[in-house]
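Contents: one structure, followed by commentary.
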Amino acid sequence: MSIEKELYMAAVSLIEARYPSGFGGAAAMKTESGKVITSVAPETKNDALSLCMEVGACLEAHKLNEAITHSVCVCREYEHSEYLILTPCGICQERLVHWGGNVQVAVSTPENKLLFKSLRELMPYHWSIVNGERL
């Protein structure tokens, strides 16, 4: 099984276990040593406190001192809905930039196809150029 499919299935499995009904979303990331780390968004009573689904996995990778190589975020509207692949939001893209422009992330497509692109491809004009660096 490909890394991309493995991560997609890990995210779907977490959604089905954690959210047996209703809305569900999860992220799955692969580290340089081959670990698969999953996470969900914390539920909060105040939307200003909410965080993306990817944050927990990013923090876990930092804790383990391992680089993230791949990331996918998946959600569904309710238990019988199609699973949708979500491109990481701009903030999560910036979080993943910590591990460089080669990090592969799943992106949304009109066909909901499992497609990964590098952060460099997502952000060809990244602001790091002002520091004399290229993403």
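The values are calculated or read from the model by the stated rules, or taken from the named source; none is laboratory data. No experiment lies behind these values; they were computed from the predicted model shown. Don't worry about glycine lacking a Cβ; one is built from the backbone with ideal geometry, like all the others, and counts go over all protein chains shown. What goes into the accessible areas is simple: the full protein's heavy atoms, side chains included, and nothing from ligands, DNA or RNA. Shrake-Rupley method; radii C 1.70, N 1.55, O 1.52, S 1.80 Å.
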Label-point separation in nm, LEU115 to LYS35, each point 7 Å along Cα→Cβ: 3.2 nm
Among TYR78, TYR19, TYR125, determine the one that fluctuates most according to a GNM of the chain built with springs between C-alpha atoms less than 10 Å apart. TYR125
Name the GluC sites (Glu not before Pro) in segment 46-135 that are in a loop by DSSP and that have at most 13 other C-beta atoms within 10 Å, would you? GLU77, GLU79, GLU82, GLU111, GLU133
Tell me the trypsin sites (Lys or Arg not before Pro) within segment 1-55 that lie in a loop according to DSSP and have at most 10 other beta-carbon atoms within 10 Å. LYS45
Heavy-atom accessible area per residue, the chain, 1.4 Å probe: how many Å²? 57 Å²
Please tell me which of these pairs span more than 26 angstrom C-alpha to C-alpha: LYS5/LYS35; LYS63/LYS113; LYS30/LYS113; LYS45/LYS117? LYS63/LYS113; LYS45/LYS117
Taking Kirkwood radius over Cα pairs in Å as the quantity of interest, determine which of [x] 14.4; [y] 15.2; [z] 16.9 was computed from the displayed structure. [y]
Residues of segment 63-101 with backbone N under 13 Å of the label point set 7 Å from the Cα of SER108 along Cα→Cβ are 73-77, 84-90
Counting only helical runs of four or more DSSP H residues, what would the 222 nm mean residue ellipticity of the chain come to if each run contributes -39,500 (n - 2.57) and the total is spread over all its residues? -8000 deg cm²/dmol
Cut-off 10 angstrom, C-alpha nodes, Gaussian network model of the chain. Which of SER50, SER13, SER39 fluctuates the most? SER50
By Kyte-Doolittle mean hydropathy of at least -0.5 and Cα axial length of at least 15 Å, which whole DSSP H helices of the chain are selected? 3-18
